[in-house]
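Here is the structure we will look at, set down as structure tokens.
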Amino acid sequence: MHVLAHEPAGFEGCLVHVEVDIRRGIPQIDLVGLAEGAVREARERVRAAVRNAGFEFPLDRVLVSLVPADLPKEGAAYDLPIALAVLGAAGSLPDPGRPFLALGELGLDGSVRSARGVLPAVAAGLAAGLEDFIVPEANIFEARSLGRGKVFGIASLAEIAPLLLALREGRQLPSCVSVQSVQTQDEDNAEGDLRDVRGLARARRALEIAAAGGHHLLLFGPPGSGKTMLARRLPSILPDLCETDAIAVASLRSIAGLLAPGEAPSPRPPFRAPHHSATLEGLIGGGRLLKPGEASLAHRGVLFIDEAPEFRRDALQALREPLEEGRVSIARAGRAIRLPADFQLVVAANPCPCGNLGREGRVCSCSLPDIQRYWRKLGGPLLDRIDLRVPLRPAESRELLGPPEEPSLSVRNRVVNARRLQAARYAGRDFALNGRIPAGLVERFCVLDRKAATVLQLAAEKLSLSSRACHAVLKVARTIADLAGEASIGEEALLEAVQHRRYGDGDYFWRES
């Protein structure tokens, strides 16, 4: 019997062949192939589960080899494939005659419990030409979301014999009918709506530009000015994900163990808001099991860093590489993995440590060195990669009591139209948004008319803009022109882009003129 398992190392992971040899000797299980932690403990779980499920465990010496031997194996998902391989080698189960992939943790009573990484495991199996998959019943919707292959869900090891017999005879059980699509659970408008944001016209406009061009965004202002409310409503104006991206997002959640039973890939972009106590591994990924971090879990969505100066400096600075490359590379001794991390960064911060600077009716108790140290935690290199910088003031009472603002749906329609223009412009290239234009192609795609070129030259001299800052202004101006449906970048679009870049390049963030 040819049984395969899956090691979720990185995004794609690796298929693992489970080989079993039974020979005469003292009854025991030998497990080889760099098995670690929970995999080594599978010897006792498998023995008890097999016996309590009604099978007879071989009273001989059993050697289990996990191939490739030089790949570290971790996790309890190896329980089910090891049990099936042992029973198949002992002749207790029918051989289906073709390889299949199995995943699942075994309880001592023979029950099959859910496992993490089922979705990428099925994807890897399909890519390798496998057709049959045996997964825990709790992961059945996750495994079937790809719409290909025959996926069997079992709740107990006792159900496996008739299933394998049906595979060998070519019969199809009701439980293994392929599913072409799975309905996504209703999210109950969890993203919120922009109509809830009263006033703050400049910030709403910046949010729309950020969504249309995939630009990174900085919101700064005193507590209660609406920074968090705005950031949490950015996903509501982003377009739906394509099927490929939705599956990639769900796969990352599955690897991290965050995909709930019965949850299908969602077309809505993810939103991640880590706590300011998050470690470097928590943001970027890694740890003993090399799990995805918040940067990867926000892939094709939004990573919101609230109270950014309160985060550890090394964790914040580690975000620079994902912002540039769209992926995370994690290197450990003898092992390296890559995870996708193409996210939109939204950073929020107070103007000073106490939060009262610039707030009417309050007195700031921070000294100038305190404020400088506070902003220095963000670091110039990270701030230089943020295209839009928006100062906020608390909305006035007349604005709070006024009528609702424009809803997210209307804004999303404009964003979708602007992204269609970009998709057509960058067709055939490895980027599709203005915010991702490589430095060498900015001048080609962001062409200015004569007046706009003069404005950019004056702004660069007056604000001491770096070359990266000039490129950021051009990319934002290109997005503004796309929102207006204009083919070229005019003076008005460039002036608006410059206004969104004024803060941070030689000026203090708490000043507003």
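General observations
- Scope the stretch 285-295; condition surrounded by fewer than 20 Cβ atoms within 10 Å (Cβ to Cβ) and assigned to a helix (DSSP H, G or I); matching residues: none
- Between LYS451, LYS462, LYS475, the distinction of being in contact (Cβ under 8 Å) with a residue 24 or more places away in the chain, exposed (fewer than 14 other Cβ atoms within 10 Å of the Cβ) and basic (Lys, Arg) belongs to LYS451 only.
- Residue in the stretch 352-359 that is surrounded by 20 or more Cβ atoms within 10 Å (Cβ to Cβ), in contact with a Pro (Cβ under 8 Å, 6 or more places away or on another chain) and of a type in the set (D, E, K, R) present: yes
- Flag if GLU406 is touching a helix residue (DSSP H, G or I) at 6+ places or on another chain (Cβ under 7 Å), surrounded by fewer than 19 Cβ atoms within 10 Å (Cβ to Cβ) and in the same structural domain as ILE237 (by TED's automatic domain parsing): yes
- Residues located in the stretch 371-414, provided they are outside any helix (DSSP H, G or I), more than 25 Å from the chain's Cα centre (by Cα) and within 30 Å of VAL447 (Cα to Cα): VAL390, PRO391
- Flag if ALA138 is in contact (Cβ under 8 Å) with a residue 40 or more places away in the chain, closer than 20 Å to ARG45 by Cα and either part of a helix (DSSP H, G or I) or of a type in the set (Gly, Ala, Ser) (or both): yes
- Pair list, Cβ < 7 Å and 6+ apart or interchain, from the stretch 256-284 residues that are touching a residue at least 60 places away in the same chain (Cβ under 8 Å) and in a helix (DSSP H, G or I) to residues that are surrounded by fewer than 20 Cβ atoms within 10 Å (Cβ to Cβ) and of a type in the set (Val, Ile, Thr): none
- Qualifying strands (runs of 3 or more DSSP E) (wholly inside the stretch 12-103; at least 2 residues being surrounded by fewer than 15 Cβ atoms within 10 Å (Cβ to Cβ) and without any contact (Cβ under 8 Å) to a residue 60 or more places away in the chain): 28-32
- Scanning the stretch 415-431 for residues that are buried (at least 18 other Cβ atoms within 10 Å of the Cβ) and either basic (Lys, Arg) or not in a helix (DSSP H, G or I) (or both) gives a single hit, ARG419.
- Restricting LEU289, LEU303 to those that are of a type in the set (A, V, I, L, M), under 24 Å from ARG202 (Cα atoms) and touching an Asp or Glu at 6+ places or on another chain (Cβ under 8 Å) reduces the list to LEU303.
- Test for GLU191: is it at pLDDT below 90, of a type in the set (D, E, K, R) and touching a Pro at 6+ places or on another chain (Cβ under 8 Å): yes
The values are calculated or read from the model by the stated rules, or taken from the named source; none is laboratory data. The structure presented is a predicted model; accordingly, all values stated were derived computationally and were not measured. All Cβ positions, glycine included, derive from the backbone under ideal geometry; neighbour counts span all protein chains shown.
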